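Accompanying notes for the structure given below.
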């Protein structure tokens, strides 16, 4: 279905079309006016078109003068209006061919053309950024797939050795399954993030208990936190919200999993709910390794991992997925942290 609402871009180009049409008719009017003025001036100088005193030479002179004036006005119109449009057309073709480095400069005074050039440069810049992000995404996905695949290949090769002891064989199987699990997590996160980014509308929000959902997420992750002897401090008053239940559950499991993963054995994780006049706020804090200010600026970027050694489990998509989900739920996510002092993630959901 074609939208009937006039967007700012449509209104802008309609204004430009009207200006060009007006300029065309104004040029014709000016030429006719100049021609009439020349005729009046010649009559005042004694030439009479009725008596035939106006010679063929005079007619030719007026014709030549009119052509010169028409050429001058046409050149001005072409140079100031149609030449920039021609440059815009050529540059648009370059963009279509994949050259996102092209930029245009307009020195004229026509406001609509200046806006068109500015919009074109903004479009080219955004397309260039998108292309860079796409290339980085492909490179990161390739790297993230290559690492566990290489590990899996290595462990499967070792398992072919018939002289392995049962303990060694069990260890290699365990590490091979760990690599498979990383591949599954990476694939799932990529699919979820892609689906979420391209999803125009979400399901109808449902009413449910937020405090119970957070407890469910903690229970689901029990094998992880019990293995590291991590304790939980809960401040979860009874609270009913209306939102995207399944999507937000992914947020809580991701944030809690990170809190557990980056906490030392014997550490603690705090989960707290607060309700203000316009927002529901969920705090998830840990006593883990923390982050620098630089890491906090990029922590929600795709494939970014604060642990540069990549020794911790993860693929750098979990927090990007959290940010996208929270944004779709009309909320925001924040992080505050200091190295060695743990991190606090705040999810603020609008009522």
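Derivation of every value follows stated rules applied to the coordinates shown; laboratory data play no part. Small disclaimer: the values here were computed from a predicted structure and weren't measured. A quick note on method: Cβ atoms are made from the backbone with ideal geometry, for glycine too, and the neighbour counts reach across all protein chains shown.
Listing for the model above:
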quantity	calculated
Cα shape, region 174-253, gyration tensor, a/c 1.5 rule	oblate
Cα gyration tensor shape of region 213-268, rounded if a/c is under 1.5, else prolate or oblate by comparing a/b with b/c	prolate
Extension gain, residue 41 back to residue 166 (0.36 nm per residue minus Cα-Cα distance, nm)	33.6 nm
Residue order, fewest to most surrounding Cβ atoms within 10 angstrom, among 264, 166	166, 264
Region 206-350, relative contact order in percent, only Cα pairs under 8 angstrom and at least six apart counted	24 percent
